[in-house]
Every structure is written in structure tokens, then in C-alpha cells.
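Here the structure comes first, spelled out in C-alpha cells, and everything after it is commentary.
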Amino acid sequence: MQNQNVFDTLKERGFIQQTTHEDEIRELLGKESVTFYIGFDPTADSLHVGHFLQIVTMMHLQRAGHRPIALVGGGTGMVGDPSGRTDMRQMMTLETIEHNANCFKKQLSRFLDFSEGKAIMVNNKDWLLELKYVPFIRDIGRHFSVNRMLTAECFKNRLERGLSFLEFNYMLMQSYDFLELYRRYNCKLQLGGDDQWSNIIAGADLIRRVEGAPAYGMTFTLLTTSEGVKMGKTQAGAVWLDAEKTSPFDFYQYWRNVDDADVEKCLSLLTFLPMDEVRRLGSLEGAEINQAKEILAYEVTKLVHGEEEAKKAHAAAKALFGDGAMTDNIPFTEISHADLAQGMDILTLLNKAGLISSKSEGRRLINQGGISIEGKKVEDPQMTITEKLFQNGTLMLRKGKKVYHQIRLK
């Protein structure tokens, strides 16, 4: 156990949003090794930046001697969580859910120590898919008040647009997960993002009613900008933890480009730097704040992709935005000589490089002066790209001020 109670560490760093019983949770975390869980619904084949804050929380708790359970929602994923949604989630096949769950396991193993039972990974399909409907409603459903459920934020937001009975069951299933984990592993604490508050308190309440035992819940602040917008989204979509979906360079650049006002919060929540250093870096102003942003980008990239990739991304950024030679660490797309035999229009090239999602977006960007080739702005959306424009087999594209992408001839 660390000298400082991990609850105080999490509070000081700004993680904790709501607790069911603050004093009891703090006391529990200070006197024994607590088994706790966080659930991850496998809605994609990679975790993203939104999940990363929860992973860092698990790391803090594990380092303080507590035991994490990473619950992969193979069962709940078949229903879909209505929390924070204005529409119904897409239905996924069992095969897709299974594939995504396996990807999560691999990723989580990079952050948590699963050796010798120090952390556990389970899939709620192991018990949810075996449930018999009538016994479940009789034994578990009777403990839930529909009137009370309808006041929950996750349901209230959906009532006007229509809430399916399928989604209405989600709270019962997540609550049952907590009960099952309590019975199997003596799990006493459920953690999650603040949008999970209603589900978490329902689960703790179910354990009290069914087992007559105390159980607790705690939620974290959601990772948002100072304007209250969720972080982890770019024009290209989510910022993923999988290097194949978001390259280490793009990942580094995302953090390097956060607003000045968000630097201290991100350093506090997403790195393990001491708080004195976090506050010092957060107080830098003017051009000096860029130093803090570089440290933030380096530290988060190191945690997610390893030190080697963090160094490469840092060097590539220096090469583009400061002194230093060009490196090979900038994202690239390969095209063949045959592709360019008749020339290729700029919009097709931008699309192949993943810099635009549609040709209309490309035309708009070019008309606004947002696309450059080898440092020169593209002025004609009809421009044809030929091999003559390439230097040593590469062509450097830039979107906006900070998104770089190489085209390489193969």
C-alpha cells in the first residue's frame, strides 16, 4: 500500500465526481485491499481516449494494492447502453462482440498487471446469456421500481424520442453484473464515468437488498475541454488507443494541440507526474505553455504506445514544427506508379490519404486555403497530381496548420 490513501490521490488529481458514501469508501480503500470493477462495452475493436481516463484510474488503484476487475460487456453489448445517447445503438452480432472483446483484453493487458490474480478480466456473457427470463424477473426485477428508474438521467433523456424495452433492461443487467461480481470475487466497489451514475447506484442498491451487504459506487469526471466538449474526437473520428487506427504520431499531435486551458487538467488526469510538477507546468503562460504541451503529449503517448514510439513522435513533430531533419515517423499512404500514370486528381488523393471523408469536404477545404502540398497552398480543387511533384519519391500534404501526411511512391 502507498502512504497516501489512493482516494486522496484521485481526489487531488480531479478524478472523483460522485460517490455513494465518500467517508466509507475512503476508509475501505485505506484499510484493506479492495476488489473493484469497471465495465467496458465492446462497441468497437479498440478502446479510445474516453476509456483511457478509466484505465489510468485502475492503474492508480492497482498500484495502491487494490484489485481491478475489467468487465468486458459481451452480454450487455448485445443490448446497448442508453446512457448519454439520443438514439438506439446499432445491434452487433455475437462474432463482432467476441472479436471486439478479445481486442480489449489485449489492450488492457498493456496497462494492468494480470499476473497471479492481481487483476481479473471477465466477460458478462458468461452469466447474462445463460439467464432464464422468468426467474430473473422474479428474483431480480422485483427489486427495481419503474417510477424510480424513469427519473434516472440515462432514461429521462430518451423518453421523448422513444426508449425501447430492450434498453430499459440495461440497468437491470448492469446491476446484476455487480451482484454477480460481488458473489464471485467479493467485489465491493463499482467505478465508471459520471454518465454511469444511475446504473452504478442501482447495482450497489441491489447488493444491499439481495445480500444484505454494503456495496459502493464512485464516478469520475468525463474527459472534457474547458468548454465542456468531450475530448477524444477529431474531424477524422475518435482518437483510438490502437496504433493501427490512430497512429502514435497523430495521437501525440492530438495532445500537443490541446487548448492552453486544458493542459493542467490533462496532465493531472492522464499522466503520473507529481502534482507539484503538474501545477508548475499548468501555470506556464505564453510561448512557454508549449513546453507543457510537449510533456503532456510525450507522457500520454509513452503510456499508451511505449517510450520508443513517444520518442519517434516527438522527433517527427520537432522536424515539422521546429528544427531537425525530417523523419519517417509521420503517417503515410503508399500509392503505385501505375496510379499516377494518367495523373490523379487532388480530391481522390486526399480521400486515399484519409484526410477527407468526401470530395465536397475536400473542395471546401481547398477553397478555404486549408490544403497545402510541399508547403504551397492548393488553389484549384481540379488540380492533377503527377510524379513530377514528388521529391525523392515522397509528397508532403498538409491539412490546416497541424495535420501532416506523406504520400510515398511504391
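Picking from residues in segment 352-371 that are touching a residue at least 12 places away in the same chain (Cβ under 8 Å) and over 31 Å from the mean Cα position of the chain (by Cα), the one that is surrounded by the fewest Cβ atoms within 10 Å (Cβ to Cβ) is ASN367.
Yes/no per residue for (1) free of Cβ contacts under 8 Å to residues at least 24 places away in the same chain; (2) surrounded by fewer than 16 Cβ atoms within 10 Å (Cβ to Cβ); (3) part of a helix (DSSP H, G or I); (4) in contact with a Ser or Thr (Cβ under 9 Å, 6 or more places away or on another chain):
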{"site": "PRO135", "(1), (2), (3), (4)": "yes, yes, yes, no"}
{"site": "SER175", "(1), (2), (3), (4)": "no, no, yes, no"}
{"site": "CYS187", "(1), (2), (3), (4)": "no, no, no, yes"}
{"site": "LEU191", "(1), (2), (3), (4)": "no, no, no, yes"}
{"site": "ALA202", "(1), (2), (3), (4)": "no, no, yes, yes"}
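PHE165 - would you say it is at pLDDT below 95, crowded, with 21+ Cβ neighbours inside 10 Å, of a type in the set (A, V, I, L, M, F, W, C) and more than 23 Å from THR20 (Cα to Cα)? Against the criterion (at pLDDT below 95, crowded, with 21+ Cβ neighbours inside 10 Å, of a type in the set (A, V, I, L, M, F, W, C) and more than 23 Å from THR20 (Cα to Cα)), PHE165 does not qualify. Return the pairs, sorted by first residue and then second, in which the second residue is part of a helix (DSSP H, G or I) and modelled with pLDDT of 75 or more, the first residue lies in segment 389-403 and is in the same structural domain as SER372 (by TED's automatic domain parsing), the beta carbons are less than 6 Å apart, and the residues are 6+ apart or on different chains. As it stands, the answer is LEU395/LEU389, since those pairs meet every condition given.
Restricting the search to segment 243-289, which residues are surrounded by fewer than 16 Cβ atoms within 10 Å (Cβ to Cβ) and either under 22 Å from LEU108 (Cβ atoms) or assigned by TED's automatic domain parsing to the domain that holds ASP45 (or both)? Those that are surrounded by fewer than 16 Cβ atoms within 10 Å (Cβ to Cβ) and either under 22 Å from LEU108 (Cβ atoms) or assigned by TED's automatic domain parsing to the domain that holds ASP45 (or both): GLU244, PHE272.
Counting just the residues of segment 204-219 that are charged (D, E, K, R) and touching a residue at least 40 places away in the same chain (Cβ under 8 Å), which one comes out farthest from THR76 (Cα to Cα)?
Step one: list which residues in segment 204-219 are charged (D, E, K, R), which gives 205, 208-209, 211.
Now narrow it down to the ones that are touching a residue at least 40 places away in the same chain (Cβ under 8 Å): 205, 209.
On the way: ASP205: 19, ARG209: 22 Å.
Selected residue: ARG209.
Being of a type in the set (Val, Ile, Thr) and over 24 Å from the mean Cα position of the chain (by Cα), is that true of even one residue in segment 2-19? The answer is no; no qualifying residue exists.
Across segment 292-322, the qualifying residues are those that are in contact with a Pro (Cβ under 8 Å, 6 or more places away or on another chain) and small (Gly, Ala, Ser), and the one among them that is nearest to LEU273 (Cα to Cα) is ALA310.
For segment 316-324, indicate whether the set of residues that are touching a Ser or Thr at 6+ places or on another chain (Cβ under 8 Å) and at pLDDT below 85 is non-empty.
The first filter runs over segment 316-324 and keeps only residues touching a Ser or Thr at 6+ places or on another chain (Cβ under 8 Å), leaving 316, 319.
So of that shortlist, the ones also at pLDDT below 85 come out as 316, 319.
Within segment 316-324, one or more residues are touching a Ser or Thr at 6+ places or on another chain (Cβ under 8 Å) and at pLDDT below 85.
Restricting segment 133-162 to residues that are in contact with a helix residue (DSSP H, G or I) (Cβ under 9 Å, 6 or more places away or on another chain) and among the acidic types (Asp, Glu) leaves a set whose member that is modelled with the lowest pLDDT is GLU153.
Out of segment 372-392, which residues are surrounded by fewer than 11 Cβ atoms within 10 Å (Cβ to Cβ) and either part of a loop (DSSP other than H, G, I, E, B) or among the aromatic types (Phe, Trp, Tyr) (or both)? Even if it seems obvious, please write down each step before you answer.
We begin by selecting, within segment 372-392, every residue surrounded by fewer than 11 Cβ atoms within 10 Å (Cβ to Cβ); these are 375-376, 379-380, 382, 388, 391-392.
The answer is GLY375, GLU379, ASP380, GLN382, ASN392.
When we screen ASP126, ASP113 for residues that are among the acidic types (Asp, Glu) and either in a helix (DSSP H, G or I) or within 22 Å of GLY217 (Cα to Cα) (or both), the only hit is ASP126.
Residues are listed down the side, and each one gets a yes or a no for (1) at pLDDT 90 or above; (2) outside any loop (DSSP other than H, G, I, E, B):
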position: PHE52; (1), (2): yes, yes
position: ILE55; (1), (2): yes, yes
position: MET58; (1), (2): yes, yes
position: GLY65; (1), (2): yes, no
position: SER83; (1), (2): no, no
position: ASP87; (1), (2): no, no
position: GLU95; (1), (2): no, yes
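Can you tell me which residue in segment 246-284 is farthest from LEU355 (Cα to Cα), limited to those that are without any contact (Cβ under 8 Å) to a residue 12 or more places away in the chain and either in a helix (DSSP H, G or I) or acidic (Asp, Glu) (or both)? Step by step, filter segment 246-284, then rank; the result is ASP276.
Cβ separations smaller than 8 Å between residues 6+ apart or across chains give the following pairs from segment 84-100 residues that are at negative phi and β-branched (Val, Ile, Thr) to residues that are surrounded by 11 or more Cβ atoms within 10 Å (Cβ to Cβ) and modelled with pLDDT of 80 or more: ILE97/PRO42; ILE97/GLY74; ILE97/LYS125.
Going by the structure shown, is ALA297 more than 23 Å from PHE104 (Cβ to Cβ) and within 17 Å of the chain's Cα centre (by Cα)?
Numbers: more than 23 Å from PHE104 (Cβ to Cβ): yes; within 17 Å of the chain's Cα centre (by Cα): yes.
Against the criterion (more than 23 Å from PHE104 (Cβ to Cβ) and within 17 Å of the chain's Cα centre (by Cα)), ALA297 qualifies.
Among the residues of segment 331-351, those that are assigned to a helix (DSSP H, G or I), under 30 Å from the mean Cα position of the chain (by Cα) and touching a residue at least 24 places away in the same chain (Cβ under 8 Å) comprise LEU349, LEU350. When ASP345 is tested against (1) over 17 Å from ASP250 (Cβ atoms); (2) at pLDDT 80 or above; (3) surrounded by fewer than 15 Cβ atoms within 10 Å (Cβ to Cβ), just one condition goes unmet, and that condition is (3).
The values are calculated or read from the model by the stated rules, or taken from the named source; none is laboratory data. What you see is a predicted model, and the numbers here were worked out from it, not measured in a lab. No Cβ is skipped: glycine too gets one built from the backbone with ideal geometry, and neighbour counts run over all protein chains shown.
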